[in-house]
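Working notes for the structure below.
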Amino acid sequence: MEQIHTIGIVGAGTMGNGIAHVAARAGFRVVLCDIDPKALDQALATISRNMEREVERGKLSAADKAGASARIEVTVKTAGLSAADFIIEAVIENLQAKLEIFKALDTIARPGVILASNTSSISITKISSVTKRPGNIIGMHFMNPVPMMNLVEIVRGLATTDETQEATARLSESLGKTPVTVNDSPGFVSNRVLMPMINEAIYCVMEGVSSAESVDQIMKLGMNHPIGPLALADMIGLDVCLYTMEVLHGGLGDPKHRPCPLLRKMVDAGYLGRKSGQGFFRY
């Protein structure tokens, strides 16, 4: 890891600011980039607030918090990422948006710099195809909330080299995470298993099998899940759940991955979960 000192992060939303948090806390210099200055201000406020909680819980000293905060630089210009030794994209889960970002990053980043995507479902092979460095493109799927969750699902595209995979795994470990490597496939492993369960839970509600509260209670008490699938869907965002199911359905071609009509209807109504204040539960 002696060659990686500065980590660039594109996108200052929930995942981007979480990744910035753990990277700065681990001692890396961070360049956090977003086209929206308000998003950057909000990200810095969120990181500060979350680090303060860690100080209160004894997981971080006040001095370490101050040092980590000082290591985060923000910018609205992607050119500011030119100094980064490793770049992680964490923008909206939309293929076209990611392709445009990777085209730009390919021209900004130095030769040999690894470009990682935090995508939860989009093909790494497809993303790499718009760059001139497909061997240095990889998936680095963090879990939400990033500061608390241990897993990083590392996704190898068709052209990803062993060296890129090994460097990404070492970086993940230096961030205090456990890397688990999988091959490129719709939804990878995490969402290929999780999202159909959430989708089926939504079918249970739509078909009147049970209420949302009962579905979650059964999965928590009977399966020992720490959070029910519908509360989890609300936390992820129902729009993200719908998009991921569409990726699975389109990529694998199996009718079992058809998004539940109730999920689509709720997204159409703007009931997106926690971020909108209303999903399967009210917030």
In debye, nearest 20: dipole of the range 33-150 around its Cα centre with unit charges on the Cβ of K, R (+) and D, E (-)?
220
About its Cα centre, how strong a charge dipole does the chain have in debye, to the nearest 20, once Lys and Arg get +1 and Asp and Glu get -1 at the Cβ?
220
Long-range lysine pairs (8 or more apart or interchain), the chain, Cα under 18 Å:
10
Sort the following peptides by mean Cβ neighbour count (other Cβ atoms within 10 Å, averaged over residues), highest first: 249-261, 30-42.
30-42, 249-261
Loop-only check: which GluC sites (Glu not before Pro) in the range 181-255 are DSSP coil with at most 14 other Cβ within 10 angstrom?
Glu207
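Would you work out the charge dipole size for the range 199-283 about its Cα centre, treating the Cβ of every Lys and Arg as +1 and the Cβ of every Asp and Glu as -1, and quote it to the nearest 20 debye?
140
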Given a 10 angstrom Cα cut-off, can you work out which residue in Asn224, Asn17, Asn144 is the most mobile in a GNM of the chain?
Asn224
Loop trypsin sites (Lys or Arg not before Pro), the range 118-171, which have at most 11 other Cβ atoms in a 10 Å radius of their Cβ (DSSP):
Lys132
For the range 115-161, what class follows from the C-alpha gyration tensor (a ≥ b ≥ c being the square roots of its eigenvalues): rounded when a/c is under 1.5, otherwise prolate if a/b is larger than b/c, else oblate?
prolate
Just want the answer: with Cβ charges of +1 for Lys and Arg and -1 for Asp and Glu, which residue in Ala90, Ile138, Met197 is farthest toward the dipole's positive end in the chain?
Ala90
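Restricting to DSSP H runs of at least four residues, report the calculated mean residue ellipticity at 222 nm for the chain, -39500 (n - 2.57) per run over all residues, nearest 500 deg cm²/dmol.
On the way: 11 runs with 133 residues, N = 283.
When only DSSP H runs of four or more count, the value is -14500 deg cm²/dmol.
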Can you give the % of DSSP beta bridges in the chain that are antiparallel, to the nearest 5?
20
At the level of C-alpha centres, the distance separating the range 236-274 and the range 155-180, in angstrom, is 29
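Within the chain, what whole-number % of the accessible surface is contributed by carbon and sulfur, with the 1.4 Å probe and all protein chains included in the calculation? Let's see the in-between values first.
Details: 7200 of 13210 Å².
It is 55 percent, rounded to a whole number.
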Highest-MSF residue in the chain out of Met235, Met223, Met51 [GNM, Cα springs under 10 Å]
Met223
What residue among Gly222, Gly67, Gly273 shows peak mean-square fluctuation when the chain is described by a Gaussian network model with Cα springs under 10 Å?
Gly222
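Subtracting the Cα-Cα distance from 0.36 nm times the residue separation, let me have the gained length for Met149 to Lys77 in nm, one decimal.
Details: separation 72, 0.36 × 72 = 25.92 nm, distance 2.96 nm.
Extra length available between Met149 and Lys77 comes to 23.0 nm.
The values are calculated or read from the model by the stated rules, or taken from the named source; none is laboratory data. Owing to the predicted nature of the structure, the values given are computational and were not obtained by experimental measurement. FYI the Cβ positions are ideal-geometry reconstructions off the backbone, even for glycines, and counts take in every protein chain you see. Areas reflect the complete protein model, heavy atoms only, side chains present, ligands, DNA and RNA absent. Shrake-Rupley method; radii C 1.70, N 1.55, O 1.52, S 1.80 Å.
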